[in-house]
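> Please read through the structure below; I'll follow up with questions.
The values are calculated or read from the model by the stated rules, or taken from the named source; none is laboratory data. For clarity, every value in this text was computed on a predicted model and none was experimentally measured. Reconstructed Cβ throughout: ideal geometry from the backbone, glycine too, with neighbour counts over all protein chains shown. Accessible surface is based on the protein model in full, side chains and every heavy atom, while ligands, DNA and RNA are left aside. Shrake-Rupley method; radii C 1.70, N 1.55, O 1.52, S 1.80 Å.
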Amino acid sequence: MSISDDDMIKVIEKVGPSVVNINTVRLVHDYYMNIVPLRGMGSGVIFDGNNGYILTNNHIIEGAETIEVTLFDGRKYKGKLVGTDPTSDIAVVNIKGDNLPEAKLGISETVRVGQTAIAFGNPFGFLLRGPTVTVGVISALHRTIQAEQGVFEDLMQTDAHINPGNSGGPLVNSTGEIIGVNSANIPFAQGIGFSIPVDVARRIAQELIQHGRIVRPWLGILGVGVNPQISQYYDLPSDKGILVTRVFNNSPAEEAGISAGDLILSTNQKDVSDMDQLTKEVRAKKVGDHVTMVVQRGPVRQEVDLTLAEIPSQ
């Protein structure tokens, strides 16, 4: 759906005040092992004005000794780190202030390739008297990219250029609702930008606010996807599913009676064909959720009920 100039300006005026500048100071060692301050900057967006909660990227505030948040009207606040999740590159910062503007969180599940995408950032704070804005479309969904920080999954790709310092700012639709949090751009790739879907960011933010960390569920198995060749080689009863190769001690899978050599055919009535698919199914749930799996052991096929536990700390 195209958007007129007037409607675009309305979206910018609506969302712009909630986009903040984030300045950080890290303490690092120089060549002579002296401790020196290293300054960094990025963007964020206020999504809960009543409580002062801000969405941004983990890589912006990671290791920061101090966090300073500047609003579009010049107000400055000391930011407090609520929690951070390197796996998703999402972090939540809190400020204490009155009459804080906020942007509305939308729904990324309904986002479609080709729809308008507007990327906001505030890399220079009050110096620009407002955010920077770039406009494009959603060019791909469910992308996986390899970055220095690790592998990021299920990203939205946009051709709305994400300028330096705009990381952490919101990606919004034509009605001004946040559909993503801008996270990374690939240099020399014609301005391709990536954004974390807001459905993921919302879930991560809620857990960070509640627990201060991400509590991830755990099944406790290792396995390989089965194909006709593997099935024939191991003389398996099916050429589909996941062959369990290891079950960890004191894991939900062990407590449910699953053992190495079992064949997992489905999870909550969804067929599974490899560990990546099973891992995504588990990640979509919470600790304490119940999972029903169809497991085959030799000629016997049965349903196994288990309760997901928190993944053990390393």
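> Can you tell me which of R297, R283 is open to solvent by 40 Å² or more (accessible area, probe 1.4 Å) and either within 26 Å of H211 (Cβ to Cβ) or among the hydrophobic types (A, V, I, L, M, F, W, C) (or both)?
Details: R297 fails: either within 26 Å of H211 (Cβ to Cβ) or among the hydrophobic types (A, V, I, L, M, F, W, C) (or both).
Going through R297, R283 in turn, the sole match is R283.
> Sort through I107, I95 and tell me the only one that's without any contact (Cβ under 8 Å) to a residue 60 or more places away in the chain and aliphatic (A, V, I, L, M).
Numbers: I107 fails: without any contact (Cβ under 8 Å) to a residue 60 or more places away in the chain.
It is I95.
> So for region 51-63 (the condition being of a type in the set (A, V, I, L, M, F, W, C), more than 25 Å from E13 (Cβ to Cβ) and either surrounded by fewer than 20 Cβ atoms within 10 Å (Cβ to Cβ) or free of Cβ contacts under 8 Å to residues at least 60 places away in the same chain (or both)), does at least one residue qualify?
Checked against the condition, which is being of a type in the set (A, V, I, L, M, F, W, C), more than 25 Å from E13 (Cβ to Cβ) and either surrounded by fewer than 20 Cβ atoms within 10 Å (Cβ to Cβ) or free of Cβ contacts under 8 Å to residues at least 60 places away in the same chain (or both), region 51-63 yields at least one hit.
> Follow-up. Which ones in region 224-242 are open to solvent by 20 Å² or more (accessible area, probe 1.4 Å) and in a strand (DSSP E or B)? Working first, answer last.
Of region 224-242, the ones open to solvent by 20 Å² or more (accessible area, probe 1.4 Å) are 224-225, 227-230, 232-240.
Those that are open to solvent by 20 Å² or more (accessible area, probe 1.4 Å) and in a strand (DSSP E or B): V224, G225.
> Moving on. Select from region 142-160 the residues that are at pLDDT 85 or above and not acidic (D, E) and write down the one among them that is nearest to the chain's Cα centre (by Cα).
This residue is L155.
> Filter region 23-62 down to the residues that are more than 19 Å from the chain's Cα centre (by Cα), modelled with pLDDT of 90 or more and assigned to a strand (DSSP E or B) and list them by number.
Narrowing region 23-62 to residues more than 19 Å from the chain's Cα centre (by Cα): 23-41, 49-52.
Okay, now just the ones that are also modelled with pLDDT of 90 or more, so 23-24, 49-52.
Answer for region 23-62, where residues must be more than 19 Å from the chain's Cα centre (by Cα), modelled with pLDDT of 90 or more and assigned to a strand (DSSP E or B): N23, T24.
> Let me ask another. May I ask you to list the residues in region 70-108 that are open to solvent by 40 Å² or more (accessible area, probe 1.4 Å) and part of a loop (DSSP other than H, G, I, E, B)?
Selection gives F72, D73, R75, P86, T87, K96, D98, N99, E102, K104, I107.
> Looking at E177, is it open to solvent by 10 Å² or more (accessible area, probe 1.4 Å) and modelled with pLDDT of 95 or more? Quick ask: steps written out before the conclusion?
Values: open to solvent by 10 Å² or more (accessible area, probe 1.4 Å): yes; modelled with pLDDT of 95 or more: yes.
Here the answer is yes, as E177 does meet what is asked.
For every residue, the table says whether it meets (1) polar (S, T, N, Q); (2) in contact (Cβ under 8 Å) with a residue 24 or more places away in the chain; (3) under 24 Å from F248 (Cβ atoms); (4) in contact with a His (Cβ under 7 Å, 6 or more places away or on another chain).
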site	(1), (2), (3), (4)
S195	yes, yes, no, no
Q206	yes, no, no, no
W218	no, yes, yes, no
L222	no, yes, yes, no
V226	no, yes, yes, no
Q229	yes, no, no, no
Y233	no, no, no, no
P237	no, yes, no, no
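> Can you go through S174, S259 and tell me which one is over 30 Å from K104 (Cβ atoms), in contact with a strand residue (DSSP E or B) (Cβ under 8 Å, 6 or more places away or on another chain) and assigned to a loop (DSSP other than H, G, I, E, B)?
Values: S174 fails: over 30 Å from K104 (Cβ atoms).
Step by step, each of S174, S259 is checked, and only S259 is over 30 Å from K104 (Cβ atoms), in contact with a strand residue (DSSP E or B) (Cβ under 8 Å, 6 or more places away or on another chain) and assigned to a loop (DSSP other than H, G, I, E, B).
> If you don't mind, another one. Among the numbered conditions (1) within 25 Å of S88 (Cα to Cα); (2) free of Cβ contacts under 8 Å to residues at least 60 places away in the same chain, tell me where V287 comes up short.
(2)
> With respect to L278, is the statement that it is surrounded by fewer than 16 Cβ atoms within 10 Å (Cβ to Cβ), within 26 Å of the chain's Cα centre (by Cα) and either assigned to a loop (DSSP other than H, G, I, E, B) or not polar (S, T, N, Q) (or both) true? If you could, list the steps in order and put the result at the bottom.
On the way: surrounded by fewer than 16 Cβ atoms within 10 Å (Cβ to Cβ): no; within 26 Å of the chain's Cα centre (by Cα): yes; either assigned to a loop (DSSP other than H, G, I, E, B) or not polar (S, T, N, Q) (or both): yes.
No.
> Another question about this same structure. With respect to L71, is the statement that it is within 16 Å of G121 (Cα to Cα) and in contact with a strand residue (DSSP E or B) (Cβ under 7 Å, 6 or more places away or on another chain) true? Can you show your working first?
Numbers: within 16 Å of G121 (Cα to Cα): yes; in contact with a strand residue (DSSP E or B) (Cβ under 7 Å, 6 or more places away or on another chain): yes.
It is true that L71 is within 16 Å of G121 (Cα to Cα) and in contact with a strand residue (DSSP E or B) (Cβ under 7 Å, 6 or more places away or on another chain).
> May I pose another question? When you go through (1) assigned to a strand (DSSP E or B); (2) basic (K, R); (3) within 28 Å of R143 (Cβ to Cβ) one by one for R112, which number turns out not to apply?
So R112 meets the others, but not (1).
> Quick one: A184 ticks every box in (1) open to solvent by less than 20 Å² (accessible area, probe 1.4 Å); (2) at pLDDT below 95; (3) not polar (S, T, N, Q) except a single one, so which number is it?
Of everything listed in (1) open to solvent by less than 20 Å² (accessible area, probe 1.4 Å); (2) at pLDDT below 95; (3) not polar (S, T, N, Q), A184 misses just condition (1).
> Look at region 33-50 and say how many of its residues are touching a Gly at 6+ places or on another chain (Cβ under 7 Å) and buried (at least 21 other Cβ atoms within 10 Å of the Cβ).
Here is the first cut: in region 33-50, the residues touching a Gly at 6+ places or on another chain (Cβ under 7 Å) are 41-45.
Then keep just the ones that are buried (at least 21 other Cβ atoms within 10 Å of the Cβ); that gives 42-45.
Of the residues in that region, 4 qualify.
> Take the conditions of a type outside the set (A, V, I, L, M, F, W, C), part of a strand (DSSP E or B) and without any contact (Cβ under 8 Å) to a residue 40 or more places away in the chain and apply them to Q302. Does it pass?
Working: of a type outside the set (A, V, I, L, M, F, W, C): yes; part of a strand (DSSP E or B): yes; without any contact (Cβ under 8 Å) to a residue 40 or more places away in the chain: yes.
Spelling it out, Q302 is indeed of a type outside the set (A, V, I, L, M, F, W, C), part of a strand (DSSP E or B) and without any contact (Cβ under 8 Å) to a residue 40 or more places away in the chain.
> Scan P197, P252 and give me the residue that is under 24 Å from T307 (Cα atoms) and surrounded by 14 or more Cβ atoms within 10 Å (Cβ to Cβ).
Result: P252 is the single residue among P197, P252 that is under 24 Å from T307 (Cα atoms) and surrounded by 14 or more Cβ atoms within 10 Å (Cβ to Cβ).
> Regarding G168, is this residue under 16 Å from T56 (Cα atoms) and at pLDDT 85 or above? Walk me through it before giving the result.
Numbers: under 16 Å from T56 (Cα atoms): yes; at pLDDT 85 or above: yes.
So G168 fits the description; yes.
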